[in-house]
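Here's the structure, in structure tokens; my notes come after.
The values are calculated or read from the model by the stated rules, or taken from the named source; none is laboratory data. Note that the coordinates shown come from a computational prediction; the quantities given were computed from them, not determined experimentally. So basically every Cβ, Gly included, is an ideal-geometry build from the backbone, and we count neighbours across all protein chains shown.
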Amino acid sequence: MKVTVKYFGLVAEAKGTNEEVLNLTAPTTAFELKQKCLSPLAIVDQDSVQVAVNQNLDENIILKEGDEVALLPPFAGG
């Protein structure tokens, strides 16, 4: 099953890309995918990164073929 993962802000910088397509072989939640994508990166507060699936914030969703997953770091500014 293929899903598109989009990276933003410091996550994109740490990953070295803004987007990639991943092939998942087992049922996976958005939270599990977040852990898989972030674990090799040097991001201090990985818990602050939010997960959106098809533009809905919910890390408990079980991913389906064609889903778009966005990893969103905390935003600052005003």
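Numbers below:
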quantity: The lone exception for L10 - which of (1) part of a helix (DSSP H, G or I); (2) at pLDDT 95 or above it fails; calculated: (2)
quantity: Selection count where residues are charged (D, E, K, R), assigned to a loop (DSSP other than H, G, I, E, B) and more than 15 Å from K2 (Cβ to Cβ), scope segment 22-78; calculated: 3
quantity: Any chance V49 is β-branched (V, I, T), out of contact with any His (no Cβ under 8 Å at 6 or more places or on another chain) and surrounded by 12 or more Cβ atoms within 10 Å (Cβ to Cβ); calculated: yes
quantity: Among (1) out of contact with any Pro (no Cβ under 9 Å at 6 or more places or on another chain); (2) among the hydrophobic types (A, V, I, L, M, F, W, C); (3) at pLDDT 95 or above; (4) loosely packed, with under 14 Cβ neighbours inside 10 Å, the one test that A42 misses; calculated: (3)
quantity: Candidate set: segment 1-50, residues that are free of Cβ contacts under 8 Å to residues at least 60 places away in the same chain, touching a helix residue (DSSP H, G or I) at 6+ places or on another chain (Cβ under 6 Å) and not hydrophobic (A, V, I, L, M, F, W, C); chosen: the one farthest from P73 (Cα to Cα); calculated: N18
